Amino acid sequence: MSRYTAAEIEANWQKAWNEAGIFRAASSSEKPKYYVLEMFPYPSGRIHMGHVRNYTMGDVIARHKLATGHNVLHPMGWDAFGMPAENAAMAIGGHPKDWTYANIADMRDQMKPLGLSIDWSREFATCDPEYYGQQQALFLDMLKAGLVYRKNAVVNWDPIDMTVLANEQVIDGKGWRSGADVERRELTQWFFAISDMAEELLGALDGLENWPAKVRLMQENWIGKSRGLQFAFGLIDGPDGHDRIDVYTTRPDTLMGASFVGISPDHPLTKHLEADNAELAAFCADVRKGGTTEEALEKAEKRGFDTGLRVRHPFDTAWELPVYVANFVLMDYGTGAIFGCPAHDQRDFDFATKYELPIVATYLPSEDSNPELTEAYVPTKTDKVYYNKGFAGDTWQTGNQAVDAAIDFCEAQGVGQGVTKYRLRDWGLSRQRYWGCPIPVVHCDTCGVVPEAKENLPIRLPDDVTFDIPGNPLDRHPTWRNTSCPKCGADALRETDTMDTFVDSSWYFARFTAPHATTPTDLAEAEYWMNVDQYIGGIEHAILHLLYSRFFARAMQITGHLPKKAIEPFNALFTQGMVTHEIYQTMGDNGRPVYHLPEDVKDGKLTDGTEVQIVPSAKMSKSKKNVVDPAQIISAYGADTARWFVLSDSPPERDVEWTAAGAEAASKHLARVYRIVSDIVASNDADVPDADEALLREMHKAIQAVSAGVEAFGFNAAIARLYAFTAALGKSNAGTAAKRQAASALAQLMSPMTPHLSEELWSMLGHSGLIATAPWPVADPAMLVDAAITLPVQVNGKRRAEIQVPPDMPKEEVEKLALGLDAVQRALDGGTPKKVIVVPGRIVNVVV
RNA sequence: GCGGGCGUGAUGGAAUGGUAGACAUACCAGACUUAAAAUCUGUUGGGCCUUGUGCCCGUGUGGGUUCGAGUCCCACCGCCCGCACCA
């Protein structure tokens, strides 16, 4: 008997698919289109199990859609610009371009053995001039449409390396290479005007029904629409030109609890005062140290500097409040000034305690509660709130109702206006780095900032650059910068900033619909293929990448590069979990752990017998060495085993732990299926009506359950069902004809997950043509209904018995039957049932 | 710090508000074998004794809603993701 040899089978069928060209997508088709896309990879050099999981899930969807009569687009590309290429050039020499393209070639070679149903004819990398040139054209159109502008923005500045750092390069407030204290510094940067679309991006979330609710909620919170009060504190004896401090607050209902006013170190008033106050200048310089991330700012110790200035409370001119420059007040949000209400905000409470400022409660959980607070009182959702110092009576509650009432009251009193604001900031796209898409503008002494002419695109990156010193090589390139002004023809300088790599990934999905077009998109192709019907990727992209892509879809519609239907580019989104692995470590001489690759550990020991410490599973990462190389798994077990395992053990949205035992089990199961089907093919048993019927019923139930699982991203549940169906088939004593029918269905149901094995089985069972394009089996509803069902019978919610009843038995009869049971009578213990709840097909509950 | 998510046997996990632990792993027992591997079969949440179609407990902790809660609500604990220049 022949054995299951994955390597041979997989190579053969991949060749057959290629020759048949079944994965090439053409926009001319009578079938309904289906566009399935996985977030494209960064070409780091090696594919990892996370990629295998992501692309296998997409492949299951793509293959299922192909089998259900769709015209499927399933492309692949490379998110190829970014810092690691420059880091590699710095660390090991060479050129980012060579490094990147070599990595792409390697990763493509590692990916192809997985047998993914990808249309490789559409492949591109974002660092191809054919791609980034179109991106430059897009940028120019957006510039023309007023969607791009320049303004100052704060960056991380390394004062020793004299270079801008990415947040990732700032470690504990210090530069990663120089170790210098990082400073926040302003630079003029290009911005996309995404905040103008805040309301639109927020409102349209409601229509994204096939996105996870958590992603919509995260985007909603990120956009951060708030209604609040904008008003002014009158400044007493302020310096020239400063007679008030404008404040925006979302909590005007706590205005009577105000205890101080805080202004940002970057506030105009601060800058004014700083000029002739050395002490304040030193304070500001000090708080400007450290990185720019919101996390760093929020976690930093709250510090303030008393300016000595005082403001008047708007409702009581005799009430004066001190003005502090405070490091936790952001210039980017609101007006760059806040009022502090220590009683109801823990941050303000800490600040007030530190600087001995009054703490005035405006509301409390009850009338008699003690207003001497030891921490800020922030009502929980269930607290009833009593006002003791509201300013328009004591009838308000907290929440929106109180905020609205406070705004109305303030407006009536002529103190400020209700204002809607968004947390969403404009998207700074300038990067002071080489390996990115050049921003296509020139700086001309006469004409200022001038867009490049489209006929000069693509503005190509120069190849002759070095990375031996920090900073942007474009900036110090001897000739690249020198150009002429597209407007007046005079000598001019190129912009040397390149674009954020998020720009590259914000429209690649549109480019896949016409990857070779000489414009960013081909409208007819986009009209046919858009939207992406199913997008799949990691939850880590829930906010930025997806929000930026939604913005770009709108921008591309405004600039005429996408049809109206593509305003929301992703019809359905699925966020998959990570692949994790245990970490194996021993203690090194320096007291730090030394990590070991899983392949070097057997039964908890290294090859030399040293025991390793096992740390619970975490995301696979090179630094912890808890990685498994997909290429090794494929050569050991085959691609189908790798695919089967990453789908089988966990729900797709959750993390899956890679275990050698799990891979082994997957491999054994596929061999078992192969053996069972081989035996069936070799058999010649007569029909056995009862057994045949039972097996075919199992088959239809499996078709039903697996189809539902595949469609609803319940891959693990679908696979569990396939295990059960395989067992039923293996044990069945049905005749050969019924078994062949069931085996054919099994092969088809497995085909999205294990496409190679399924093709082999399909061919063994005597079918002609490819299983990949064979019509998906359909369950016969009549075969799904059983003659009798089992109903659990509960007494007061505890299961006491079960009864077998026909599925359509009337409620009254079920009730009578249940009450007649010995077990129920015993549990009733002579009591009379108050009521009996019968949920048809589900349960009976007798309530005493 | 802020926003979001998750938490179920020894392990991964299953369960439209309706029999908690499907399916798989591991363990144990059995069959086959000279033996091992492979394969096949069976058992396995904890406890009780009266061994029954038995009873009690059990889904991070504490409360609540409901005839009924792993599932919904509130509070807390732990872990994970994101925080705008990582991709």
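The values are calculated or read from the model by the stated rules, or taken from the named source; none is laboratory data. In this text, all values refer to a predicted model and were calculated from it rather than measured experimentally. Note that we place each Cβ from the backbone using ideal geometry, even for glycine, and neighbour counts take in every protein chain shown. For accessibility, only protein heavy atoms count, side chains too; no ligands or nucleic acids. Shrake-Rupley method; radii C 1.70, N 1.55, O 1.52, S 1.80 Å.
Look at the alpha carbon pairs under 8 Å that are at least 6 residues apart: their mean separation over the length of region A:122-249 gives a relative contact order of 16 percent.
Taking all protein chains together, A:39, A:331 sort by accessible area into A:331, A:39, largest first [probe 1.4 Å]. The portion of the accessible surface of region A:625-681 made up by carbon and sulfur, rounded to a whole percent, is 48 (1.4 Å probe; DNA, RNA and ligands excluded).
Summarising the overall dimensions of region A:77-199 from its C-alpha atoms, the Rg and Dmax are 18.9, 50 angstrom. Judged by the gyration tensor of its Cα atoms, with axes a ≥ b ≥ c, chain A is oblate; a/c meets the 1.5 cut and b/c is at least as large as a/b.
Among the trypsin sites (Lys or Arg not before Pro) found in region A:11-110, those both in a DSSP coil and sparsely packed, with 14 or fewer other Cβ atoms within 10 Å of their Cβ, are A:24.
Full extension of the chain between residue A:661 and residue A:298 gives 126.3 nm of extra length, using 0.36 nm per residue less the Cα-Cα distance. Of the peptides A:79-85, A:711-717, the order by per-residue mean of other Cβ atoms within 10 Å, starting with the highest, comes out as A:79-85, A:711-717. Surface composition of region A:188-334: carbon and sulfur make up 46 percent of the accessible area, probe 1.4 Å.
For every other residue with a beta carbon closer than 10 angstrom to the beta carbon of residue A:421, add +1 if it is Lys or Arg and -1 if Asp or Glu, then tell me the sum. Net charge around residue A:421: +3.
For helix A:736-750, what angle does its Cα long axis make with the longest principal axis of chain A, in degrees from 0 to 90 and rounded to 10? Long axis of A:736-750 versus the principal axis of chain A: about 10 degrees. Residue by residue, region A:346-351 carries 3J(HN,Hα) couplings of 4, 5, 5, 4, 4, 5 Hz when phi is fed to the Karplus relation 6.51 cos²θ - 1.76 cosθ + 1.60 (θ = phi - 60°); x denotes Gly or Pro.
Using a 1.4 angstrom probe, figure out how much accessible area chain A has per residue, in square angstrom, rounded to the nearest whole.
For chain A, the per-residue accessible area is 45 Å².
Largest first, the residues A:317, A:292 sort by 1.4 Å accessible area into A:317, A:292. Calculated FRET efficiency, residue A:382 to residue A:205, Cβ-Cβ distance, R0 = 30 Å: about 0.60 to the nearest 0.05. About its Cα centre, the dipole of chain A is roughly 1500 debye, where the only charges are +1 on Lys and Arg Cβ and -1 on Asp and Glu Cβ. Taking the accessible area of region A:442-499, probe 1.4 Å, and keeping the other protein chains in place, the carbon and sulfur fraction comes to 48%. Positive contributions from Lys and Arg (+1) and negative ones from Asp and Glu (-1), summed over other residues with Cβ under 15 Å from the Cβ of residue A:13, come out at -3.
What's the local net charge at residue A:548, with K and R +1, D and E -1, over the other residues with C-beta under 12 Å away? That sum, taken over residues with Cβ under 12 Å, equals -1. Between helix A:660-682 and chain A, what is the angle of the helix's C-alpha long axis to the longest principal axis, kept within 0 to 90° and rounded to the nearest 10? Tilt of helix A:660-682: around 30 degrees. Ordering A:681, A:72 by accessible surface, largest first, gives A:681, A:72; the 1.4 Å probe counts only protein heavy atoms, with every chain in place.
Note on residue A:16 and residue A:811: with the Förster distance fixed at 60 Å, the Cβ-Cβ geometry gives a FRET efficiency of about 0.60. Using just its DSSP H runs of length 4 or more, each adding -39500 (n - 2.57), chain A gives a mean residue ellipticity at 222 nm of -10500 deg cm²/dmol after division by all residues.
Based on C-alpha pairs under 8 angstrom that are at least 6 apart in sequence, chain A has a relative contact order of 13 percent.
Distance between the 7 Å Cα→Cβ label points at residue A:332 and residue A:786: 5.8 nm.
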